[in-house]
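Trainee: Take this structure, written in structure tokens, and hold onto it; I'll ask about it next.
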Amino acid sequence: MSSLHIISDNHTHEALITAPDLFSGLLRLNIPEFHGTCDGMHFAIEQIFSWEHSDAHQKMHFELNTPPDEIGLEFKGDMEVVEDGVCEWTATVVNYHDNEIKAGHHTLSLNTSGAPGLDDETGERTYLYTDHGWQSISTLLNGDSSPTLRVGGAYNGHTVIWKVIALRGPEKTPTIAVALDKGYGFASRHSDWVDGLVVGLGWGLLRPKQKKTVRGRLYFLDGGLQELQEYYNKDFR
């Protein structure tokens, strides 16, 4: 099995990802907040997780450490290393409010600042897949300061069409990517949270007691963007 390991940080309540044969240091996975609108009022829930380990740091279960009837939301899921360089991430959300939640969404961040060499201040090595293939965020934004690019959005003559963001590491480091089947927006070096990869996860309308599920994968691939393209076609299309 891969050297890819997932553990938890009891102080920050984040998932830590290490892979000594792929990159040095560690990555931090976090889902900091839930946002939505209920009864015409926008609200946000800060999320702090409890983690339960199993299977020698290859699998973890997570859930909010506040009871759902206190905050109006249940959110829980699992992370598991499923093959070399691939970690599957699944989660479910349930609306515990008496009324529907509109425009419900989470933000998932993969902080790369703890892994030397896996930073990209200019966006030249961070990629989205468009109707013209892989394009860097620096190319898509073309000097625009907007931090978020959305699926279906047109940027500098290219339209984003896949729900995946990738960071191409320097020589002898892997390409790292996050793909979610409900991903709607992407950013790198998001000013509110982290340096790294940021994915907006959209739930849309959540009726009372309605349950929805998201499936995603984290990739750590030596074969670069071409190998990632093959994985995405197999896993999400």
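Trainee: Residues being more than 28 Å from Gly77 (Cβ to Cβ) and among the hydroxyl-bearing types (Ser, Thr, Tyr): count how many of those fall in region 103-123.
Mentor: Residues meeting the conditions: 1.
Trainee: Regarding Thr92, is this residue in contact (Cβ under 8 Å) with a residue 24 or more places away in the chain, crowded, with 17+ Cβ neighbours inside 10 Å, β-branched (Val, Ile, Thr) and in contact with a Phe, Trp or Tyr (Cβ under 8 Å, 6 or more places away or on another chain)?
Mentor: When the stated conditions are applied, Thr92 does not pass them.
Trainee: Taking the condition surrounded by 17 or more Cβ atoms within 10 Å (Cβ to Cβ) and either basic (Lys, Arg) or touching a Pro at 6+ places or on another chain (Cβ under 8 Å) (or both), does Ser109 pass?
Mentor: For Ser109, the condition - surrounded by 17 or more Cβ atoms within 10 Å (Cβ to Cβ) and either basic (Lys, Arg) or touching a Pro at 6+ places or on another chain (Cβ under 8 Å) (or both) - is met.
Trainee: Return yes when Ala103 is surrounded by fewer than 16 Cβ atoms within 10 Å (Cβ to Cβ), part of a strand (DSSP E or B) and either of a type in the set (Asp, Glu) or touching an Asp or Glu at 6+ places or on another chain (Cβ under 6 Å) (or both) and no when it is not.
Mentor: For Ala103, the condition - surrounded by fewer than 16 Cβ atoms within 10 Å (Cβ to Cβ), part of a strand (DSSP E or B) and either of a type in the set (Asp, Glu) or touching an Asp or Glu at 6+ places or on another chain (Cβ under 6 Å) (or both) - is not met.
Trainee: Here's a follow-up. Given region 150-237, what strands (runs of 3 or more DSSP E) lie entirely inside it while holding 3 or more residues that are more than 17 Å from Thr112 (Cβ to Cβ)?
Mentor: Result: 158-168, 183-188, 196-206, 211-221.
Trainee: Against the definition (touching a residue at least 60 places away in the same chain (Cβ under 8 Å), in a strand (DSSP E or B) and touching a Leu at 6+ places or on another chain (Cβ under 7 Å)), how does Gly114 come out, yes or no? Give the derivation first.
Mentor: On the way: touching a residue at least 60 places away in the same chain (Cβ under 8 Å): yes; in a strand (DSSP E or B): no; touching a Leu at 6+ places or on another chain (Cβ under 7 Å): yes.
It is false that Gly114 is touching a residue at least 60 places away in the same chain (Cβ under 8 Å), in a strand (DSSP E or B) and touching a Leu at 6+ places or on another chain (Cβ under 7 Å).
Trainee: Restricting the search to region 203-228, which residues are modelled with pLDDT of 95 or more and crowded, with 18+ Cβ neighbours inside 10 Å?
Mentor: Residues satisfying the conditions are Trp203, Leu206, Val214, Gly216, Arg217, Leu218, Tyr219, Leu228.
Trainee: Please find, among Val86, Val82, the residue that is in contact with a helix residue (DSSP H, G or I) (Cβ under 8 Å, 6 or more places away or on another chain), modelled with pLDDT of 90 or more and under 22 Å from Leu197 (Cα atoms).
Mentor: Criteria check complete, one pass: Val86.
Trainee: Shifting gears a bit: Looking only at region 58-73, decide whether some residue is assigned to a strand (DSSP E or B), at pLDDT below 90 and not charged (D, E, K, R).
Mentor: Of region 58-73, the ones assigned to a strand (DSSP E or B) are 59-64, 73.
Right, trim to at pLDDT below 90 and you get none.
Looking for residues that are assigned to a strand (DSSP E or B), at pLDDT below 90 and not charged (D, E, K, R), one finds none in region 58-73, hence no.
Trainee: Taking the condition of being on the phi < 0 side of the Ramachandran plot and among the small types (Gly, Ala, Ser), how many residues in region 45-75 meet it?
Mentor: Result for region 45-75: 2.
Trainee: Also, I was wondering about something else. Pick from region 3-38 the residues that are assigned to a strand (DSSP E or B) and among the β-branched types (Val, Ile, Thr): which of them is farthest from Trp203 (Cα to Cα)?
Mentor: Among them, the one singled out is Thr18.
Trainee: Let me ask you something else. Which of the following residues is without any contact (Cβ under 8 Å) to a residue 60 or more places away in the chain and within 23 Å of Arg150 (Cβ to Cβ): Asp78, Asp131, Asp120?
Mentor: Asp131
Trainee: Okay, next question. Residues that are assigned to a loop (DSSP other than H, G, I, E, B) and within 14 Å of the chain's Cα centre (by Cα): does region 137-144 have at least one?
Mentor: No: region 137-144 contains no residue that is assigned to a loop (DSSP other than H, G, I, E, B) and within 14 Å of the chain's Cα centre (by Cα).
The values are calculated or read from the model by the stated rules, or taken from the named source; none is laboratory data. Here the structure is a predicted model, which means the values were calculated and not measured. No Cβ is skipped: glycine too gets one built from the backbone with ideal geometry, and neighbour counts run over all protein chains shown.
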